[in-house]
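Written out below as structure tokens is the structure these notes cover.
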Amino acid sequence: MSWIFLVALGLLGVLWLVFALRNMDRRLVMQSLRWIVGGVAAVIAIGALLLRRIDIAMIVGAVAASVLLRGRLGRFSFDSIGDQSSGNVSKVRSRYLAMELDHDTGELGGRVVDGQFAGWDLMDLGETETRALFEEIGQDAESVNLLESWLDTNRAGWREYFAEADAGGGAGSGAGQGASNGAAGDAVREAYAVLGLKPGASDEDIKSAHRELMKGVHPDHGGSEFLAAKINDARDLLLGR
């Protein structure tokens, strides 16, 4: 009966470890459980062999080999369970917006699902579009809260920037007022240079360059609010033409 006691003790140890590690990453927990179960089975097989219980040693040894070498115990797969990550993503939807939060990376993605910007990724929205979206969804408090949360995560300092732009008459509002044709041309050339594009680039090229540059200037990646504002202004100017 000693081998039954060893098996029970091993199972209790496995259960204790599972509960102790339940707050850790699911993949790490399942990989640890795989080696623990396989190791316990291997120890039991060796013990049975030393006690000359060849039948038990063969059965438990086969279990240990399957778990350690293939990561499987019958139809149960430790690897497939560990690869599942859908539980780490939260999805929220309002009338106008759909958001996804990846709990592993902290990234918050969003897109517009209704209204004049339906189908747009929020990352593609410049200052002009963002202001227009705020006006459109203003009556839906849930959508407004979601948009503000996305901006707080992906556009740090947007409130201050909008406030300064409003106080100064709007960002870039004087670009085409009372300026000479030469000054306007300089502004356009500078906008292309900011986005790293050649004059005459298509709207899709402008949007793509804007998206890639905005990823690089995110505060979490060492970017700055000033650079983000310059990139947004360049995009707005070129698309506005």
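Of the candidates 101, 108, 73, the single residue that is within 30 Å of residue 60 (Cα to Cα) and either under 21 Å from the mean Cα position of the chain (by Cα) or at pLDDT 65 or above (or both) is 73. Only a single criterion out of (1) at pLDDT 75 or above; (2) closer than 30 Å to residue 107 by Cβ is not satisfied by residue 80, namely (1). Whether any residue in the stretch 37-55 is farther than 25 Å from residue 4 by Cβ, in contact with a helix residue (DSSP H, G or I) (Cβ under 6 Å, 6 or more places away or on another chain) and either modelled with pLDDT of 70 or more or not in a helix (DSSP H, G or I) (or both) is what I want to check. The answer is no, given that none of the residues of the stretch 37-55 is farther than 25 Å from residue 4 by Cβ, in contact with a helix residue (DSSP H, G or I) (Cβ under 6 Å, 6 or more places away or on another chain) and either modelled with pLDDT of 70 or more or not in a helix (DSSP H, G or I) (or both). Cβ-Cβ distances below 6 Å connect the following pairs, each with a first residue in the stretch 110-128 that is assigned to a loop (DSSP other than H, G, I, E, B), a second residue that is β-branched (Val, Ile, Thr) and surrounded by 17 or more Cβ atoms within 10 Å (Cβ to Cβ), and a separation of six or more residues or different chains: 118/112; 120/112.
Residue-level analysis places residue 26 among those that are surrounded by 13 or more Cβ atoms within 10 Å (Cβ to Cβ), at pLDDT below 80 and not assigned by TED's automatic domain parsing to the domain that holds residue 105.
Filtering the stretch 86-98 to residues that are surrounded by 11 or more Cβ atoms within 10 Å (Cβ to Cβ) and either modelled with pLDDT of 85 or more or out of contact with any strand residue (DSSP E or B) (no Cβ under 9 Å at 6 or more places or on another chain) (or both) leaves 93, 94, 95, 96, 97, 98.
The values are calculated or read from the model by the stated rules, or taken from the named source; none is laboratory data. Everything numeric in this text was worked out from a predicted model, so none of it was measured. With ideal geometry, Cβ positions are generated from the backbone for all residues, glycine too; neighbour counts draw on all protein chains shown.
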